[in-house]
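Data block below; observations after.
The numbers here are math on the coordinates, done by the rules we state, and not lab data. Keep in mind that this is a model prediction, so the values were computed, not measured. Reconstructed Cβ throughout: ideal geometry from the backbone, glycine too, with neighbour counts over all protein chains shown.
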């Protein structure tokens, strides 16, 4: 990281200034660097910390967060996670984001800031690459993505540090004598991510940081160019209709749209969308590809009057999205006229 470090967030200032921002904080290297960079750039924010209680220093990190927020006059929200007997990473992620989104709803935050960095980008890409993935899944971490809580509150997930390596962030903290904790569980190779980090991503970044940084920039540009074939046509509540220039875009369009609606697709669900034109994802979301349109809505089963059914039939509205339209009093003609 060079001498322009205090300007690190310049590209994001328009998204952060005069907004209500919540920082996902752990007291580790990455989130501590983002904490102090936000302060240096006069960005308003509060912090949220999950205490998983799996390490001796977990309580120390929570106490440290309380001291920091008192010192800098910030709000802090903390929560203790339950003890999971299995699938720790998946359960922890679900618990963490449920906590963040409750805070976003209750306190009306506009942005959620996470401290994912270049190492995280590379780890994600290599893990997905090893399982078989297309470009959208390989580039699962984006600098900015619109999201929606389960109750419909819109917010933006921002990752301002994606272009910087952990070593650069560590150098910044040490140079400025900023405090941070080192999470020893990051070296525990029982976790898949840590195995990829130790064996592949860290050695690659140590040798080829600049090339990898540039490559991610090019890949994100290519992804944006590819997605020009997706055009939003209709949006109301949690119903979305998109026009696709190419049917091969439906996985990409569904992935991005469901992310915005607060649902993350698994690799198997992406394959299912690719192979079937009309499906229900996770028992929650109807995804229908009809003609050159993609329809996405919460999946419901409820009784509808004959008159509404006939309106749907005449307008050729996809069957799986009809119950949601009826529930939300969305006229079939309004949806199908635009689509």
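Per DSSP helix of 4 or more residues, -39500 (n - 2.57); summed, then divided by the residues of the chain. What does that give at 222 nm, rounded to the nearest 500?
Calculated mean residue ellipticity at 222 nm is -13500 deg cm²/dmol.
Can you put 287, 251 in order of Cβ neighbours within 10 angstrom, beginning with the fewest? Write out the running numbers ahead of the final one.
On the way: 287 29, 251 23.
Ordered by Cβ neighbours within 10 Å, fewest first: 251, 287.
Angle check, please: helix 202-226 long axis (alpha carbons) against the longest principal axis of the chain (alpha carbons), in degrees 0 to 90, nearest 10.
Value to nearest ten degrees: 30.
Which whole-number percent is the relative contact order of the chain (Cα, under 8 Å, 6+ apart)?
Details: 478 pairs, mean separation 45.9, N = 339.
For the chain, the relative contact order is 14 percent.
Round to the nearest 10 and give me the degree value, 0 to 90, for the angle of helix 58-71's Cα axis relative to the longest principal axis of the chain.
Compared with the principal axis, the helix lies near 90 degrees.
Counting pairs of Cα atoms in segment 237-338, how many percent are more than 21 Å apart?
Working: 1525 of 5151 pairs.
Result: 30 percent of Cα pairs exceed 21 Å.
Fewest Cβ neighbours within 10 Å first, please rank 181, 35 accordingly. Don't jump to the answer; show the numbers that get you there.
Working: 181 17, 35 26.
The most exposed by this proxy come first: 181, 35.
Compute log10 of I(q)/I(0) for segment 1-142 with the Debye formula, placing one identical point scatterer on every Cα and leaving out solvent, at q = 0.13, 0.15 Å⁻¹, to two decimals.
-0.67, -0.89
Using only Cα atoms, find the angle between the long axis of helix 250-260 and the longest principal axis of the chain, and express it within 0 to 90 degrees, rounded to the nearest 10.
Roughly 60 degrees between the two axes.
What length, rounded to one decimal in nm, is gained on full extension from residue 105 through to residue 187, with 0.36 nm per residue of separation minus their alpha-carbon distance?
On the way: separation 82, 0.36 × 82 = 29.52 nm, distance 3.46 nm.
Working it through step by step, the gained length comes to 26.1 nm.
What ranking do 129, 23, 302 get, fewest neighbouring Cβ atoms within 10 angstrom at the top?
Numbers: 129 13, 23 24, 302 9.
Exposure proxy ranking, most exposed first: 302, 129, 23.
Just to be sure I understand: of the beta bridges DSSP finds with both ends in the chain, what percent are antiparallel, rounded to 5?
Working: 25 of 39 bridges.
Percent antiparallel among DSSP bridges in the chain is about 65.
Å³ per residue of the Cα convex hull, for the chain?
Working: hull volume 50.8 nm³, N = 339.
Considering the Cα atoms of the chain, their hull volume per residue is 150 Å³.
Taking the chain as a Gaussian network, where each spring joins two C-alpha atoms under 10 Å apart, which residue of 51, 119, 91 fluctuates the most?
Maximum among the listed residues: 91.
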